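Participant: I have a structure I would like to understand better, so I am pasting it below and will then ask my questions one at a time.
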Amino acid sequence: MFDITTRDIKYLQGVGPQRATMLNKELNIFSLRDLLYYFPYKYVDRSRLYYIHEIDGNMPYIQLKGQILSFETMGEGRQRRLVAHFSDGTGVIDLVWFQGIKYLMGKYKAHEEYIVFGKPTVFNGRINVAHPDIDPAKDLSLSGMGLQPYYNTTEKMKRSGLNSHAFGKLVANAFALLQGAIPETLSRKIVENHHLVSLDEALRNIHFPQNPDKLRKAQYRLKFEELFYIQLNILRYAKDRQRKFRGLYFERVGEIFNTFYSQNLPFQLTGAQKRVIKEIRKDMGSGRQMNRLLQGDVGSGKTLVALMSMLIALDNGYQACMMAPTEILAAQHYETVKQLLFGMDVRVELLMGSVKGKKRDEILKGLLTGEVQILIGTHAVLENTVNFSSLGMVVIDEQHRFGVAQRAKLWAKNTNPPHVLVMTATPIPRTLAMTLYGDLDVSVIDELPPGRKPIQTIHQFDNRRTSLYAGIRKQIGEGRQIYIVYPLIKESEKMDIKNLEEGYEQVCAEFPECNVCKVHGQMKPAEKDAEMQRFVNGEAQIMVATTVVEVGVNVPNASVMVIENAERFGLSQLHQLRGRVGRGADQSYCILVTSYKLAEETRKRLEIMVQTCDGFEIAEADLKLRGPGDLEGTQQSGVAFDLKIADIARDGQLLQYVREVASNILEKDPMCVLPENEVLWKQLQALRKTNVNWAAIS
Ligand code: ADP
Ligand code: MG
């Protein structure tokens, strides 16, 4: 059957070739279907009338009923405008037009009843409404108007007359063209079981709601569908993969693990660490390939979990590999692991770009023979020359710096893909993780090792430097080390360096008795590492840096994190930076330095930082303040998601719910053959074709 909604948009009444090109380019609308799935971003209730005395400059669109008292033209040239003084008996406002003055003066008459619709603003102390919609009161039956849709259109579109109103007309034309109902895209069973309205009813009401209740039902149905297919897609990929690849079966926890546990482990595992290790062991023994995201706040002890998982692989005769985003981090992991395994007969090697010549050859050879059991490194481990005898377990630290493609590269280093553990300190809210990483199972370390003192966070204005420096001096006097971080302004790297250099000079002048080191992104890696090293080994007391210290560096003796221009940082970045301190037993401090004048949203961000150290609370707050598209880390992950109606920040519960629904369907119909589900697989196939990002998710 020919589906009319696939018809090219240019044949729709009111469109034509030029507008079609505009719709293609500006909004990605090519077919009638695309048009129908371009939803209004808001609705305005046109059944309600306001009184002028109720109005202030902060209201959205409002509607008034009254008379024009008089007209007046004002201003010269481009400023020339027509002003109509309009009253409803409770006050007077100005209606203002900058175009079509002559025409308007002929059209509207003083002392007749009109309904005026528009957005009020305050100008020169008077309330006015620019370019309002005006209708004679007798022509308009308000009760029949109800909720009016508003569509986002671009500047370009508006300039050629394709504004929200005109767009709405196109949608109405499209509906007029459809004969019969729009075909259903969910199975009958789902629609019935979950009390959804039909797709046809949903689409009609999302554009032209008959009443608020129908609008709500339409929104629910469309959100349900959108999230459902995302989850169905992800879960099906996961199932397919499980069928294709058998996971390595690690049944044993053996000698290496047990020796480590009973003899080398320097402290008690936290409850959370124990739980996560159990989850990992279960995965590895299940016969399916593990793909697990391990989230844990900075300092929660992820490294130990990673190491113990790697030991399980070793116990089962396999090698393990751990990858970190920078040389500093890789080297730090290497040192940590060597120390933890001290006295045990396990060969660990470090491979990075700077490891060359004979040393490198030796490592590569050891990997092939299996003598090197644990390899720690940077991107260098991905190179084609790096081959293992039997790679069974891969740990990726600080996930958001590595893309999906790199993950896949590691997989390919063994015939049967190794188990994968991805660790991140960016606390991604669960709902978002599910959408972003899809088929990754998620483990959370939600408990810090005992004895940690919560970091005290203080917000300070930058005119109070004297007291700030006094505080720093006191800490240095007690033998502690200090970070001072400057923001990175992407558009202007020169500016950054200037900020940083000035800051560096100021600090050197203020603390002549101290060694100060300096680190920024424009330095050569070797130079940067050397400076970093001076801080790590305690030679320098103060480190002045841009955000390069954000990830992973561990200097337990550092107790103060000063963040300059803190207003320029996002919440999750502030939290990451703060996590660089508070790693030892001493009381640590984070000082957020800002100018005096702050935007409302910035003030909220800083307040949250002062109030809580809980990464998940901060991530949730971040998501609410900024929306998911902006969340740090999502950009780099390579998974763009283009949600038309659902909102990850607000629809988390629904997301979880539809995941269950999708999972149940796959459970009952793993081969996707049940007739009752036919429509689902068809729709999924269609979506995979049109939505390029979907294929990349797994
Ligand atoms: P992150 O999760 O940020 O990678 P790390 O693994 O670097 O955290 O651990 C932070 C610090 O906490 C390290 O110094 C580590 O030795 C210590 N640590 C980890 N687990 C425990 C524990 N169970 N008890 C006490 N200290 C721990
Ligand atoms: Mg770490």
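Here is a yes/no grid of residues against (1) open to solvent by 40 Å² or more (accessible area, probe 1.4 Å); (2) on the phi > 0 side of the Ramachandran plot; (3) assigned to a loop (DSSP other than H, G, I, E, B):
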position	(1), (2), (3)
Ala166	no, no, no
Leu196	no, no, yes
Arg216	yes, no, no
Lys223	yes, no, no
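Participant: Turning to a different aspect of this structure: Return the only residue of Gly299, Gly247 being assigned to a loop (DSSP other than H, G, I, E, B), within 16 Å of ligand 2 (Cβ to nearest atom) and open to solvent by less than 30 Å² (accessible area, probe 1.4 Å).
Facilitator: Gly299
Participant: Would it be correct to say that Ile62 is surrounded by 13 or more Cβ atoms within 10 Å (Cβ to Cβ), in the same structural domain as Thr121 (by TED's automatic domain parsing), of a type outside the set (Phe, Trp, Tyr) and at pLDDT below 90?
Facilitator: yes
Participant: Within 30 Å of Leu232 (Cα to Cα) and free of Cβ contacts under 8 Å to residues at least 24 places away in the same chain: does that describe Asn205?
Facilitator: Taking the combined requirement at face value, the residue satisfies it.
Participant: Turning to a different aspect of this structure: Determine which single condition Leu293 fails, assuming it passes every other condition in (1) open to solvent by less than 20 Å² (accessible area, probe 1.4 Å); (2) within 16 Å of ligand 2 (Cβ to nearest atom); (3) part of a helix (DSSP H, G or I).
Facilitator: So Leu293 meets the others, but not (3).
Participant: For region 644-675, how many residues meet the condition of being surrounded by 13 or more Cβ atoms within 10 Å (Cβ to Cβ), part of a loop (DSSP other than H, G, I, E, B), without any contact (Cβ under 8 Å) to a residue 24 or more places away in the chain and not acidic (Asp, Glu)?
Facilitator: 2
Participant: Quick check, is Asn58 free of Cβ contacts under 8 Å to residues at least 24 places away in the same chain, part of a helix (DSSP H, G or I) and within 43 Å of the chain's Cα centre (by Cα)?
Facilitator: no
Participant: Still on this model: Only one residue in Val276, Val253 is in contact with a helix residue (DSSP H, G or I) (Cβ under 7 Å, 6 or more places away or on another chain), touching a residue at least 24 places away in the same chain (Cβ under 8 Å) and surrounded by fewer than 19 Cβ atoms within 10 Å (Cβ to Cβ). Which one?
Facilitator: After ruling out the rest, the residue left standing is Val253.
Participant: Here's a follow-up. Kindly indicate which of Leu341, Leu307, Leu314 is closer than 18 Å to Leu391 by Cβ and away from ligand 2 (no atom under 16 Å from the Cβ).
Facilitator: Leu314
Participant: Scan region 276-292 and give yes if some residue there is within 15 Å of Leu448 (Cβ to Cβ) and not assigned by TED's automatic domain parsing to the domain that holds Leu341, otherwise no.
Facilitator: Yes, region 276-292 contains a residue that is within 15 Å of Leu448 (Cβ to Cβ) and not assigned by TED's automatic domain parsing to the domain that holds Leu341.
Participant: Let me ask something additional. Ile363 fails exactly one of the following numbered conditions: (1) over 29 Å from Ile445 (Cα atoms); (2) within 15 Å of ligand 2 (Cβ to nearest atom). What is the number of that condition?
Facilitator: (2)
Participant: Among the residues of region 554-587, count how many are surrounded by fewer than 21 Cβ atoms within 10 Å (Cβ to Cβ), farther than 19 Å from Ile472 by Cα and within 15 Å of ligand 2 (Cβ to nearest atom).
Facilitator: Residues in region 554-587 being surrounded by fewer than 21 Cβ atoms within 10 Å (Cβ to Cβ), farther than 19 Å from Ile472 by Cα and within 15 Å of ligand 2 (Cβ to nearest atom): 1 in total.
Participant: Condition test on Met323, is it crowded, with 20+ Cβ neighbours inside 10 Å, within 16 Å of ligand 1 (Cβ to nearest atom) and within 26 Å of Val555 (Cβ to Cβ)?
Facilitator: yes
Participant: Further question on the same structure: For Leu368, only one of the following conditions fails: (1) open to solvent by 40 Å² or more (accessible area, probe 1.4 Å); (2) in a loop (DSSP other than H, G, I, E, B). What is its number?
Facilitator: (2)
Participant: Within region 330-351, can one find any residue that is within 29 Å of the chain's Cα centre (by Cα) and buried (at least 23 other Cβ atoms within 10 Å of the Cβ)?
Facilitator: Yes, region 330-351 contains at least one residue that is within 29 Å of the chain's Cα centre (by Cα) and buried (at least 23 other Cβ atoms within 10 Å of the Cβ).
Participant: Here is a further query. What are the residues in region 588-618 that are open to solvent by 10 Å² or more (accessible area, probe 1.4 Å) and assigned to a helix (DSSP H, G or I), if any?
Facilitator: Glu600, Glu601, Thr602, Arg603, Lys604, Arg605, Glu607, Ile608, Val610, Gln611, Phe616, Glu617
Participant: So which residues in region 5-32 are among the aromatic types (Phe, Trp, Tyr) and touching a strand residue (DSSP E or B) at 6+ places or on another chain (Cβ under 8 Å), if there are any at all?
Facilitator: Phe30
Participant: From the list Val372, Val386, Val395, pick out the single residue that is in contact (Cβ under 8 Å) with a residue 24 or more places away in the chain and within 16 Å of ligand 1 (Cβ to nearest atom).
Facilitator: Val395
Participant: So, one more: Is there any pair with a first residue in region 287-308 that is without any contact (Cβ under 8 Å) to a residue 60 or more places away in the chain and a second that is aromatic (Phe, Trp, Tyr) and more than 7 Å from ligand 1 (Cβ to nearest atom) whose Cβ atoms are under 9 Å apart and which are 6 or more apart or on different chains, and what are they?
Facilitator: Every condition considered, the pairs that remain are Gly287/Tyr249; Arg288/Phe245; Leu307/Phe260; Met308/Phe257; Met308/Phe260; Met308/Tyr261.
Participant: Just to confirm my filter: which strands (runs of 3 or more DSSP E) fall fully inside region 515-580 and include at least 2 residues that are more than 16 Å from ligand 1 (Cβ to nearest atom) and in contact (Cβ under 8 Å) with a residue 60 or more places away in the chain?
Facilitator: 542-545, 558-563
Participant: On to the next question. List the helices (runs of 4 or more DSSP H) inside region 387-494, counting only whole elements, that have at least 3 residues being modelled with pLDDT of 75 or more.
Facilitator: Of the helices (runs of 4 or more DSSP H) lying wholly inside region 387-494, those with at least 3 residues that are modelled with pLDDT of 75 or more span 465-477.
Participant: Tell me, please, whether a residue that is modelled with pLDDT under 85, closer than 20 Å to His207 by Cα and in the same structural domain as Val122 (by TED's automatic domain parsing) can be found in region 69-79.
Facilitator: no
Participant: Given Asp94, Asp88, which one is in contact with a strand residue (DSSP E or B) (Cβ under 8 Å, 6 or more places away or on another chain), modelled with pLDDT of 90 or more and over 30 Å from Thr154 (Cβ atoms)?
Facilitator: Asp88
Participant: For region 251-263, name all the residues that are over 39 Å from the mean Cα position of the chain (by Cα) and in a helix (DSSP H, G or I).
Facilitator: Listed by number, the residues that qualify are Glu255, Ile256, Asn258, Thr259, Ser262, Gln263.
The values are calculated or read from the model by the stated rules, or taken from the named source; none is laboratory data. Since the model is a prediction, treat every value here as computed from it, not as a measurement. Note that we place each Cβ from the backbone using ideal geometry, even for glycine, and neighbour counts take in every protein chain shown. Side chains are part of the model used for accessible areas, which takes the heavy atoms of the whole protein and leaves out ligands, DNA and RNA. Shrake-Rupley method; radii C 1.70, N 1.55, O 1.52, S 1.80 Å.
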